[in-house]
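Chemist: I'd like to ask you about the structure that follows.
The values are calculated or read from the model by the stated rules, or taken from the named source; none is laboratory data. Bear in mind that the values here come from a model prediction, so they are computed numbers and not experimental data. Neighbour counts are summed over all protein chains in view; Cβ atoms, including those assigned to glycine, are modelled from backbone coordinates with ideal geometry. With ligands, DNA and RNA removed, areas are computed over all heavy atoms of the protein, side chains included. Shrake-Rupley method; radii C 1.70, N 1.55, O 1.52, S 1.80 Å.
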Amino acid sequence: MRSPESELEALESSGLRRQLRRIDSPQGVVITLANGTTLLNFSSNDYLGLANHPLTRASFIKNIEAFGTGAGASRLVCGSQSPHHGLEEKLAAFKKTESALTFSSGFATATGVIPALCDKEDIIILDKLCHASLIDGARLSGATMRVFPHNDLEKLASHLSWAERKIAKDGRILVITESVFSMDGDRAPLQGICDLLTPSPALLLVDEAHAFGYIGPEGRGLAAELGLEEQINLQMGTFSKAAGLSGGYICGSRNMTDLLVNKARSFIYSTAPAPSLAATISDCLDLIAGDNGATLRSALWDNIQLFNSEATSAIIPLIIGENEPTLAAAQTLRESGYLIPAIRYPTVSKGTARLRVTLSANHLPEHIKGLKEAFPGLC
Ligand SMILES: *Cc1c(COP(=O)(O)O)cnc(C)c1O
């Protein structure tokens, strides 16, 4: 039988072993390691700098005073608390959908929603670069899976017509993509995908994890920027990135969220997120939609432009290829005071290891200029 030691050694020898790096400070653009060293953080998904923002902190404290710390059980078991309902009403209005349902994380959203909607009679068509949670959700469902090359509309069209010929009368076809891709930072051709799907009975799920909060009017995402909200059946996302908190959501029709309450196992069999967290997410949505959000978004976009004037999201990867040189580059950066870790297989495909730079509204122009001067190849 194989031992954990032998598996770890195999990971180590192929440059794929991962290690937790302990930090002693709150999250932010400057973080302090356990040994007291500080690093400039260019790796977080805290795009708007809300993970340790004075208003988010004050809101969380206020909401703990009002609602306590724990939810007690699943929302179906010991009552569904008002902060969760308040959040879902606010989120549905923000996303301009009929209804919304929240989960404890984005990962739990994907692995709950997809198997609730599809089973082995159904067909799921995904972009090749979809996030692990979407792939795992699709696998868990038992549906037939078809993957199209990244952003390839022609191949999507041919998978779709194959699926329409093959699907049973009561079957369901689900197309899944992200709006901004997590490890590449590019955008999906959402208009083209919606055009393809207009004459089709297939459902479309778009994960806005890396667009929510800073793309589109009021940070409502890429679907909102393109005016496609009504054509997307399921808009998914997370509060763990630009919203600086944690939790996941799905927005869609009332019947859809009612069905998920009945069938999504990660919703039914998991304790609800803390009510104080749900209430804080609500406050955070107000912040994101309001003047503070607009100021943070414009600071973030200024920073993105300053780093790379062609970037269309806050994620700018530098693909190196093999693991060892990518790890070495990340170490050099770390020794120079920058946290930009190596992203390797299986997060990205083999031979495409990369440094992934992410920008935050809280980076100062001198942080970005310093990084560009020290490592001009990065941008
Ligand atoms: C981060 C991420 C998730 C998971 O969200 P969490 O709230 O962190 O669990 C899902 N989908 C995509 C595309 C992501 O980048």
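Chemist: How many percent of all Cα-Cα pairs in the chain sit more than 25 Å apart?
Modeler: 58
Chemist: Still on this model: How large is the Rg to Rh ratio of the stretch 1-93 when both quantities use alpha carbon positions and Rh follows Kirkwood?
Modeler: 1.14
Chemist: Tell me which residues come under 5 Å, amide H to amide H, from VAL30 once H is placed; ignore anything under 5 positions away on its chain.
Modeler: ASN41
Chemist: Could you calculate the contour length gain from SER13 to GLU230, that is, 0.36 nm times the residue separation minus the distance between their Cα atoms, to one decimal place in nm?
Modeler: 73.2 nm
Chemist: Next up: Using only Cα atoms, locate the centre of the stretch 1-71 and the centre of the stretch 291-354, then give the distance between them in Å, rounded to an integer.
Modeler: 17
Chemist: A further question on this structure: Residue by residue, what Karplus-based ³J(HN,Hα) values in Hz, rounded to whole numbers, does the stretch 253-264 have, using 6.51, -1.76 and 1.60 with θ = phi - 60° and x for Gly and Pro?
Modeler: 6, 4, 4, 5, 5, 4, 5, 5, 4, 7, 10, 7
Chemist: Also: Would you mind checking which residues have amide H under 5 Å from SER104's amide H? H placed 1.01 Å from N; only 5 or more apart, or other chain.
Modeler: Amide H neighbours of SER104: GLY248.
Chemist: Can you report the principal axis dimensions of the stretch 156-195 using only the alpha carbons, biggest first, rounded to whole angstrom?
Modeler: Principal-axis extents of the stretch 156-195 (Cα, largest first): 37, 17, 13 Å.
Chemist: Compute the whole-percent fraction of alpha carbon pairs in the stretch 82-228 spaced more than 28 Å apart.
Modeler: Of all Cα-Cα pairs in the stretch 82-228, 17 percent lie more than 28 Å apart.
Chemist: Please state the relative contact order of the chain as a whole percent: Cα pairs under 8 Å, 6+ residues apart?
Modeler: Over the chain, the number comes to 23 percent.
Chemist: Quick one: what are the phi-derived ³J(HN,Hα) couplings along the stretch 286-301, Karplus 6.51/-1.76/1.60 with θ = phi - 60°, whole Hz, x for glycine and proline?
Modeler: With the stated coefficients, the stretch 286-301 comes to 4, 4, 4, 6, x, 4, 4, x, 4, 5, 5, 4, 6, 5, 4, 5 Hz.
Chemist: With 21 Å as the limit, write out which pairs from LYS120/LYS263; LYS95/LYS241; LYS120/LYS155; LYS120/LYS241; LYS350/LYS372 have Cα-Cα distances beyond it, or answer none.
Modeler: Over 21 Å Cα-Cα: LYS120/LYS155; LYS120/LYS241; LYS350/LYS372.
Chemist: A further question on this structure: May I ask you to give the average projected area over all directions of the convex hull of the Cα atoms of the stretch 206-296, in nm² rounded to one decimal?
Modeler: 6.1
Chemist: Another one. Among 215-228, 240-253, 161-174, 51-64, what's the highest-first ranking by average C-beta atoms within 10 angstrom per residue?
Modeler: 240-253, 215-228, 51-64, 161-174
Chemist: In square angstrom, rounded to the nearest 10, how much accessible surface does LYS96 have for a 1.4 Å probe?
Modeler: 130
Chemist: Amide H of GLY237 versus every other amide H placed in the peptide plane: which residues, excluding those fewer than 5 positions away on the same chain, fall under 5 Å?
Modeler: For GLY237, whose amide H was placed from the backbone, the distant partners under 5 Å are GLU208, TYR249.
Chemist: Let me ask you something else. When you count, for each residue, the other Cβ atoms within 10 Å and take the mean per peptide, how do 35-48, 98-111 rank with the highest first?
Modeler: With the highest mean Cβ count within 10 Å placed first, the list reads 98-111, 35-48.
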